[in-house]
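Below is one structure, written out as structure tokens, with a few remarks after it.
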Amino acid sequence: MVSKIGFVLLATLATSPAHGVSPATCEASPEIRTEIAGAIVVAPDPSEFEKHVAPLRTLRQRHPQDVIAHELYQDAVQNHGIEGHLRQLTEEYQVLSMQHPDELMYDYLYARSLIGRNTREAIRQINQLLAQHPEFAPAHRSLEAIYDSAAFRDVEKEKAEQVRFRQLCPGSALQHLPAPLPDPSPLVDQAEAQLAGHGEPERILAMAQQGIRDDEWRLQRIRPFDWYTVEFKRQSQVELQEKYWKMWSVEVRCDRLEGRQDKAAEVLSAMDQRADLLARHSDPLYWNVRTTLARLYEEGKQKDLAAKEFDSMEQFLSQHPDPQRRNQLQELRVHMASQ
Amino acid sequence: MKQRHLLAVVGLALTVVVSAGSLEAQRDPGPRGGDPGVGGFFPGLSPDEQSFFNAAIQDFMEVDSVSGSVSGEPGTGLGPTFNGNSCAQCHAHPSVGGSSPATNPQVALANLDGARNTVPSFITTDGPVREARFIRNSNGTLDGGVHGLYTIAGRTDAEGCSLSQPTFAQQLAAGNVIFRIPTPVFGLGLVEATPDSTLLTNLAADRRVKSQLGINGTFNMSGNDGTITRFGWKAQNKSLMVFAGEAYNVEQGVSNEAFINERSAVAGCIYNGSPEDATRMLSSAGSSMGTEAEMSSDLVNFAAFMRLTAPPTPVSMSASARNGANLFTSVGCALCHTSTLTTGMAKSAAMSNATYHPYSDFAIHHMGSRLSDGINQGAAGPDQFRTAPLWGLGQRLFFLHDGRTADLVQAIQAHSSNGSEANNVTRRFNSLSRSQMQDVLNFLRSL
């Protein structure tokens, strides 16, 4: 993902502007092109904010009048930052635009800092700027990217902005928004599979935990942005919540394999408490969670505790009758009896 | 002169020996077991109020994670710094809404969900839940604020945050840390509904006797509207809404509509927009229509829960406890620990003109050097504390603002030190016979 972003940004270095347009508004100025290449970090962990952003912050400080340097910095914050960084970015550019009244570049950059967070307001402000400065190419590029995005798609406007930008900056690269979302991590599922294949427990547990961390970071790439619908955000969160149960199950199994029965019991007890909380909040995960717990107790030959889970499931079924789940419970009971 | 001094010292030593001997014989009967008898709604609430209470208590028990992504921790906004992850985690004993439980949940909280916190030395498994305040800043100016025990750094849902815990060991060594334990919230709607005039009249009552015993007392006041503030250890909070809002932000790190700014707002540790808790535009089912509790913020629901809870119910008194109740009054304890107050007109009809028994005047008093914590809050100075309400005392596990003791006898004795308004009353208590003292203790444990 990081290399893709880098590719798009680097592509802006190698093109030529149209007559009458300040070259710096289409492309990075020649004197900073090599610096940009060095400032874009391809770090293995995209969540390492400072590693990705600090070089571009420095670049911007060295070239405060270069709009592309600012844009690259803004993009790095957007692509690697969490809510606090994003808020800080907007505040920073609000202050800069106040400190530089009537400077087109700063007004534009403030509006641009709102993209992805309050995109409708960004559109309004950028259009306002273009009404007075129709030849300001970066604004057309930003609007084109917004209108090309799934959340704010407007084919006609996108075409119009693209035409205008191409007239002003022939050959210059367009931007794609938002940056591609990382796929959900496969690590938790892989950890489960490796556990079944008798892999090394410590490594498997670390893998599962890393999977959760990766997905938590992925969620932070979704939650603060208006590129995504409320429903998608909610769904992503539920999927992650579900994954936590897989990770905890892996943890219990790894602890058992390593002979840490106390630790396994501790994790199970915490899982049980969490399951009770799910019941209180009528969480849709509740049934699956109880099933998971029953299986874990059964694996640990803790029949009494497994039976308690069955009781909880029975209680749930009495409140929410479901023949399919009734069968599932029956199968679990039979399976345990046969052990 | 020297001889007189010597005599005074000998006399003092004798007094100490005598009172220590007599105190030794008295035993705190310990926390009352059995049915908590609290935690439900105030009797006589309307069906709508009862529903609100039942929904609100669920919010009070909700567990928070950083962004609500950890299953079983659906609340949003924990941290960057925090002391707890749920109201009910600390307000737990003898039931939801109470005070510190027997097993301190803050120990397990330190490393929950991958957090990398070290448990400070003053947090122990069998000790009270505590928050820590620093008396002074490093430059010598007054601090007084709460410093969160823990940070979210290392939690699976706080990738990238590297905020460090405060340097508690260093601050402890410098004598710069004081503690507070959770105050129970049962029956607080009655306190909120008590008119200022009632409290003023009550404080002015028995002025002559109080004066003879060195008891003054004053109220902590709101600088905004000039009315009496009455919640918190120093009566620093005006209303249950403010009380809840402050606690939500300070104890759990959840910014809200009353306390809108995130604390310890390091950009790399901020995962949610502010306020993290706000009035809901949509119910959890996605509808723009819902009950009051469904659409209200957590903050409103917390306040509603506290407002609508029933006060603790005392058990029926033994003969000893009945005698203790009389002695409690005759010794002078009741001059500040006012047994009975009456509410004014309240929003809830059931709570209007209701008589209740808080055993507090809700005034602040100088409690002397032994209890002084060096913290100023509003008009309350370093050694001034609100008269702690004694209702529910029978089941309480830890006493005094910092939970320094679990022994009622020690808590009583701590009322006496240089500058305390309670010195004379404590002396009178100490002059009671052993069985009389025991009666007082039995009375207190019946509350």
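Convex hull over the Cα atoms of segment A:187-338, averaged projected area in nm²? Each step should come with its number before you reach the end.
Details: hull surface 40.1 nm².
Mean projected area of the Cα convex hull: 10.0 nm².
Distances longer than 26 Å among the Cα atoms of segment B:245-378: what percent of all pairs is that?
Numbers: 4766 of 8911 pairs.
Percent of Cα pairs beyond 26 Å in segment B:245-378: 53.
Along the positive direction of the dipole of the protein assembly as shown (beta-carbon charges: Lys, Arg +1; Asp, Glu -1; about the Cα centre), which of A:Val250, A:His335, B:Ile364 reaches farthest?
B:Ile364
Quick one: what are the phi-derived ³J(HN,Hα) couplings along segment B:205-221, Karplus 6.51/-1.76/1.60 with θ = phi - 60°, whole Hz, x for glycine and proline?
Ordered by residue, 3J(HN,Hα) equals 5, 6, 4, 5, 4, 4, 4, 4, 8, x, 9, 10, x, 8, 9, 6, 10 Hz.
Could you work out how far the C-alpha centroid of segment A:66-113 sits from that of segment B:54-109, in angstrom?
Distance between centres, Cα-based: 38 Å.
Which residues' amide hydrogens lie under 5 Å from the amide hydrogen of B:Ala346, considering only partners 5 or more residues apart or on another chain, with H built in the peptide plane?
So B:Ala346 has HN proximity to B:Ser352, B:Asn353.
From the mean inverse distance of alpha carbon pairs (Kirkwood) and the Cα radius of gyration, derive Rg over Rh for segment B:295-447.
Numbers: Rg = 17.0 Å, Rh = 16.9 Å.
Expressed as Rg/Rh, it is 1.00.
Between segment A:287-339 and segment B:316-331, what is the C-alpha centre distance in whole Å?
First find each Cα centre; the distance between them is then 54 Å.
Take the Cα gyration tensor of segment B:198-292, multiply each eigenvalue by 5, square-root it, and list the three semi-axes largest first, rounded to whole angstrom.
Details: eigenvalues 318, 65, 18 Å².
For segment B:198-292, the semi-axes come out at 40, 18, 9 Å.
Hey, what's the Cα Rg ratio for chain B versus the globular rule of thumb, 2.2 N^0.38 Å?
Numbers: Rg = 22.6 Å, N = 447, 2.2 N^0.38 = 22.4 Å.
Ratio of Cα Rg to 2.2 N^0.38 Å: 1.01.
In nm, to one decimal, how far is the modelled label at B:Val209 from the one at A:Asp183, with both set 7 Å along Cα→Cβ?
8.1 nm
Dipole of chain B, Cα-centred, from +1 at each Lys and Arg C-beta and -1 at each Asp and Glu C-beta, to the nearest 20 debye?
2140 debye
Could you work out the helix-only [θ] at 222 nm for the protein assembly as shown, with each DSSP H run of four or more residues adding -39,500 (n - 2.57) and the total divided by the number of residues, to the nearest 500 deg cm²/dmol?
On the way: 32 runs with 381 residues, N = 786.
Estimated from H runs of four or more residues: -15000 deg cm²/dmol.
Near B:Ala346, within a Cβ-to-Cβ distance under 12 Å, what is the net charge of the other residues, with Lys and Arg +1 and Asp and Glu -1? Let's see the in-between values first.
Values: positive: B:Arg307, B:Lys347; negative: B:Glu49, B:Glu192.
Here the count lands on 0.
For helix B:298-308, what angle does its Cα long axis make with the longest principal axis of chain B, in degrees from 0 to 90 and rounded to 10?
Around 40 degrees separate the two axes.
Search the structure for amide H atoms under 5 Å from the amide H of B:Ser67, placed 1.01 Å from N in the peptide plane, and list their residues when 5 or more places away or on another chain.
Amide H to amide H, under 5 Å and 5 or more residues apart or across chains, B:Ser67 pairs with B:Gly77.
Check which residues have an amide H placed less than 5 Å from B:Arg136's amide H, if you skip close sequence neighbours.
B:Asp143, B:Gly144
Of B:Lys210/B:Lys238; A:Lys157/A:Lys233; A:Lys51/A:Lys243; A:Lys159/A:Lys243, which pairs sit farther than 30 Å apart, going by alpha carbon to alpha carbon?
On the way: B:Lys210/B:Lys238 26 Å; A:Lys157/A:Lys233 27 Å; A:Lys51/A:Lys243 28 Å; A:Lys159/A:Lys243 41 Å.
Where the Cα-Cα span goes over 30 Å, the pairs concerned are A:Lys159/A:Lys243.
Can you pull the three principal axis extents for the Cα set of the protein assembly as shown, in Å, largest first?
For the protein assembly as shown, the Cα extents along the three principal axes come out at 102, 75, 56 Å.
For B:Gly232, what is the net charge nearby, where nearby means another residue's Cβ is under 11 Å from its Cβ and Lys, Arg count +1, Asp, Glu -1?
Numbers: positive: B:Arg180, B:Arg230, B:Lys234, B:Lys238, B:Arg386; negative: B:Glu246.
With Lys, Arg at +1 and Asp, Glu at -1, the neighbours total +4.
How many nm is it between the label spots at A:Asn118 and B:Asn224, if each spot is 7 Å from the Cα in line with the beta carbon?
2.5 nm
By how many degrees, between 0 and 90 and to the nearest 10, does the Cα long axis of helix A:83-99 differ from the longest principal axis of chain A?
20 degrees
Could you give me the ³J(HN,Hα) list for segment A:154-165, computed from phi with Karplus coefficients 6.51, -1.76, 1.60 and θ = phi - 60°, whole Hz, x at Gly and Pro?
Residue by residue, segment A:154-165 yields 8, 4, 5, 5, 4, 4, 4, 5, 5, 4, 4, 5 Hz.
What relative contact order, as a whole-number percentage, does chain A give when Cα pairs under 8 Å and 6 or more residues apart are counted? Provide the component values of the computation, followed by the final result.
Working: 367 pairs, mean separation 43.1, N = 339.
Contact order relative to length: 13 percent.
Using only C-alpha positions, report the orientation-averaged shadow area of the convex hull of segment A:64-171, nm², one decimal. List each step's numbers first, then the result.
Working: hull surface 27.0 nm².
About 6.7 nm², averaged over all directions.
For segment B:100-109, what does the Karplus curve 6.51 cos²θ - 1.76 cosθ + 1.60, with θ = phi - 60°, yield as ³J(HN,Hα) per residue in whole Hz, taken in order and with x for Gly and Pro?
For segment B:100-109, the Karplus curve yields 4, x, 5, 9, 6, x, 5, 5, 5, 5 Hz.
Trypsin sites (Lys or Arg not before Pro) within segment A:257-339: which are DSSP loop residues with at most 14 other Cβ atoms inside 10 Å?
Those that pass, being in a loop and sparsely packed, are A:Lys301.
Please compute the average number of Cβ atoms from other chains found within 10 Å of each residue's Cβ in peptide A:245-251. Don't skip to the end; give the middle numbers.
Details: counts 2, 0, 2, 2, 0, 0, 0.
Mean number of neighbouring Cβ atoms from other chains: 1.
Can you give the local net charge around B:Leu390? Use residues other than it whose beta-carbon is closer than 11 angstrom to its beta-carbon, Lys and Arg +1, Asp and Glu -1. Kindly include the intermediate steps, with their values, before the conclusion.
Numbers: positive: B:Arg396, B:Arg445; negative: none.
Local net charge: +2.
After finding the eigenvalues of the alpha carbon gyration tensor for chain A, what semi-axes result from the square roots of 5 times each, listed largest first in whole Å? Present the calculation step by step, with values, prior to reporting the outcome.
On the way: eigenvalues 553, 93, 50 Å².
Calculated on Cα positions only, the semi-axes equal 53, 22, 16 Å.
At a 4.7 angstrom Cβ threshold, list every cysteine in the protein assembly as shown that has nobody to pair with, or say none.
Cysteines lacking a close Cβ partner in the protein assembly as shown: A:Cys254, B:Cys87, B:Cys90, B:Cys333, B:Cys336.
Distance from the Cα centre of segment B:123-193 to that of segment B:372-447, in angstrom?
Spelled out, the Cα-based centre of one part sits 23 Å from the other.
Work from the charge dipole of segment A:2-168 (Cβ charges, +1 for Lys and Arg, -1 for Asp and Glu, about the Cα centre) and give the residue of A:Gln167, A:Ile115, A:His80 farthest towards its positive end.
Of the listed residues, the answer is A:Gln167.
Along the charge dipole of segment A:187-338, which of A:Gln210, A:Leu285, A:Ala264 sits closest to the positive end, that is, farthest toward it, with unit charges on the beta carbon of Lys, Arg, Asp and Glu (+1, +1, -1, -1)?
Value computed over the given set: A:Leu285.
Once the Cα atoms of segment B:29-96 are picked out, what are the Rg and Dmax in Å?
15.2, 45
Can you return the aspartates and glutamates within cross-link range of B:Lys347? Criterion is Cα-Cα under 17 Å, with same-chain partners fewer than 8 residues away left out.
Qualifying aspartates and glutamates at Cα under 17 Å: B:Asp48, B:Glu49, B:Glu192, B:Asp196, B:Glu292.
All of the numbers you see were taken from the coordinates with simple rules; none came from a lab. Owing to the predicted nature of the structure, the values given are computational and were not obtained by experimental measurement. Virtual Cβ from ideal backbone geometry, glycine too; neighbours counted across all protein chains shown.
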